[in-house]
Amino acid sequence: MMIFKKAIPRRAFLTGTGAALALPLLDSMIPAFASPAQTSLAVPARLGIVYAPDGMWPMDKWTPKTEGAGFELTPTLEPLAPFKERMLVMSGLGHKQALTQPGEATADHSCAFATFLTGAHPKHTNGKDFHVGVSVDQAAAEQIGKKTQLSSLEVSLFSSELVGTCEAEETCTYLTTLCWRTPTTPLPMESRPRAVFERLFGDTDNTDRVERLSLIRENRSILDSIADEVGSLTKQVGASDRTKIDEYLEAIRDVERRIQIAEEQTHREVPQFERPLGTPTSFRDYSRLMIDLQVLAFQTDLTRVITFVLGREGPYGSRAYTDIGIADTHHTLSHHQNSATAIDKLAKINLFHTQTLAYYFEKLKSTPDGDGNLLDHIMLLYGSGLANGNIHQHDNLPLLLAGGVGGLKGGRHIRYKDGTPMANLLLTMLDKLGAPMEEFGDSNGKLDL
């Protein structure tokens, strides 16, 4: 018997002038006669984190009334109905380390943000001697990010250009990022779609952004510069791989087009709220463009760890959701003072956020990956560092896990004992991702998922 199938290397690239474009996982990358076990090993586990700012009030529109399987989706969770069996809703977890310590001024938003992925209390300081803890994304990246071009990717929908002192004379550093490589090394979050695109697909030999942007524009697009090699590759692979390549390249072409449109819009007069240069004017378009970039990063295995923040905590950059007719800023509404009008607007914002999450889930599910799709091969955490923003509540946080990594059994709502550290969840996630640790933050054990 003669076997003609040759395996393309897993880390295969298409190269053109000023471009190096990673390929998604193709059937041709799996050797002939590969066993099911070998096939599964070719598909990496990913970690995704999505953070929603300023709490999730009213919590009764988030938290299911019943526990276990068969729970009824609440109004805020309703957009996630198609993925109910793929997600686990958790109640009762909190971060005591986010509480104000004796002798400290109250900086609840800073602490909620800094503690969410670290399980550690941030040092109260208005200087450069900030200190918190390693974040779970970076702990995971130490293990599952070793074989990728980028060990992790940090993305936000707000500018990180916030310096000096902020809330309660606390350093603004704690409000600029969720991600900490070491207790004293914060990682900047990128909010510019063009910059994320260049980091993933631009000329990695040249770190000058202006030169890389000029080079990309000179070649009209990355795809134009590799057209000949794409044609050669498609002659070497089977029909299913040709379809995957076509879909992948079309997705990149679409992202390029949307970024160019966004950049053309930067010359127009825009409302006076957060809108970094080169971004779409609406939250819906902006968030979806950034999500599409993240899915491309996962699809090409350029990174296996991505943290995505929908907005900055507190008043320092709080946005108005004009897409859904809300002119008040999110942070202002979070201090609702039990106003029915404010609470109703908050519920609409929370719903808008889970609609954004549903778009992310759908993109992951519709993207083939190995013997399944990206949603099968990811562990994605969604939540907020506050519950009731009006009182800066740090317990009973709104949290859910989704995906198929670690044998996650979805379709359930689990209520843990009040006061259970959220760090127990972070420790458990690391274990499921194949990056186990003895302890993490203020954990006191692992969770039964």
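Observations on the model:
- Each semi-axis of the equivalent ellipsoid for the stretch 327-367 is √(5λ) with λ an eigenvalue of the Cα gyration tensor; in descending order they amount to 29, 8, 6 Å.
- Sorting Met56, Met189 by the number of Cβ atoms found within 10 Å of their own Cβ, with the fewest placed first, yields Met189, Met56.
- Note: relative contact order over the stretch 269-415, using C-alpha pairs below 8 Å and six or more positions apart, is 16 percent.
- Structural descriptor for the stretch 58-209: relative contact order 19 percent, calculated from alpha carbon pairs under 8 angstrom and at least 6 residues apart.
- Ellipsoid semi-axes in whole angstrom, largest first, where each is sqrt(5λ) of the Cα gyration tensor of the stretch 108-161: 24, 14, 11
- Inter-label distance for Thr332 and Lys365, nm, one decimal - labels placed 7 Å from Cα along Cα-to-Cβ: 3.7 nm
- Taking Glu104, Glu161 and counting other C-beta atoms within 10 Å, the order from fewest to most: Glu161, Glu104
- Counting only Cα atoms, the stretch 311-448 measures 45, 38, 27 Å along its principal axes, largest extent leading.
- For the stretch 344-449, the set of GluC sites (Glu not before Pro) satisfying both a DSSP loop assignment and a count of at most 10 other C-beta atoms within 10 Å is given as Glu438.
- The separation of the stretch 92-154 from the stretch 353-384, counted between C-alpha centres, amounts to 24 Å.
- Violating pairs (Cα-Cα greater than 30 angstrom) within the set Lys147/Lys432; Lys147/Lys235; Lys365/Lys417: Lys365/Lys417
- Working note: Karplus 6.51/-1.76/1.60 with θ = phi - 60° gives the stretch 312-326 the couplings 6, 5, x, x, 8, x, 4, 9, 9, 9, 5, 4, 10, x, 10 Hz, where Gly and Pro are set to x.
- In a fully extended conformation the segment linking Glu229 and Asp418 would gain 62.3 nm over its present Cα-Cα distance, using 0.36 nm per residue.
Here, each number is a calculation from the coordinates, and none is a lab measurement. In this text, all values refer to a predicted model and were calculated from it rather than measured experimentally. Neighbour counts are summed over all protein chains in view; Cβ atoms, including those assigned to glycine, are modelled from backbone coordinates with ideal geometry.
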